[in-house]
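Okay, so here's the structure we're looking at.
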Amino acid sequence: MKLGKKLTPEQEAKNFDRERDRKSGNEPGLSTAKQNKIIQERLNNQKLRNENTQNSHLEKFDKFSEDPLKYLYDLVSQGEYSSNQDQRTELFTLMILVKIQNSLAEITASLSKRK
């Protein structure tokens with residue numbers, strides 16, 4: 001059995017620092033411009049992740065407000081409302097409410113044109 005070469009504490013510290021720098025992207029071979037570019041890319045990616053996280057809970061509402069019947073159709077096609085009768089009743093109620101909302105919007109638009 002062959003044992004590795006014993007390192008002094010100073011050499012171990014240097015190896016540790018070198019490995020940490022390599023993993024973090026701050027290799028000694030990188031120029032300052034490249035390091036700044038990597039840092040800027042990471043900051044941009046983090047900013048995008050934060051924006052996506054903030055807006056992800058609003059995604060369902062946006063899709064529903066754009067085209068409610070299409071959104072309900074997508075839910076049904078995924079099998080959301082296929083398990084029991086109560087869920088199907090809820091689905092039909094939602095569909096009726098959406099149709100009523102659309103009809104009221106049309107009536108309001110036609111009445112506002114008459115004025």
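Each reported figure results from applying straightforward, stated rules to the coordinates on display, with no laboratory input. Fair warning: this is a prediction, and the values are worked out from it, not measured in the lab. Here the Cβ positions follow ideal geometry from the backbone for every residue, glycine too, while neighbour counts run over all protein chains shown.
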Charge-dipole axis of region 67-115 as Lys and Arg at +1 and Asp and Glu at -1 on Cβ define it, positive-most pick from Gln85, Leu104, Tyr71: Leu104
Linear extension gain, Lys47 paired with Phe61, 0.36 nm per residue minus alpha-carbon span: 2.8 nm
Three-way shape label, region 67-115, alpha-carbon gyration tensor, a/c 1.5: oblate
Prolate/oblate/rounded call for region 10-58, Cα gyration tensor, a/c under 1.5 rounded: oblate
Angle in degrees between helix 68-77 and the longest Cα principal axis of the chain, rounded to the nearest 10: 70
Net dipole in debye of the chain [+1 Lys, Arg Cβ; -1 Asp, Glu Cβ; about Cα centre; nearest 20]: 540
Reachable lysines from Lys47, criterion Cα separation under 30 angstrom, eight or more residues apart if same chain: Lys23, Lys34, Lys37, Lys60, Lys63
Label-point gap, in nm, between Glu106 and Gln35 - each point 7 angstrom along Cα→Cβ: 6.6
Cα-based Rg of the chain normalised by 2.2 N^0.38 Å, two decimals: 2.22
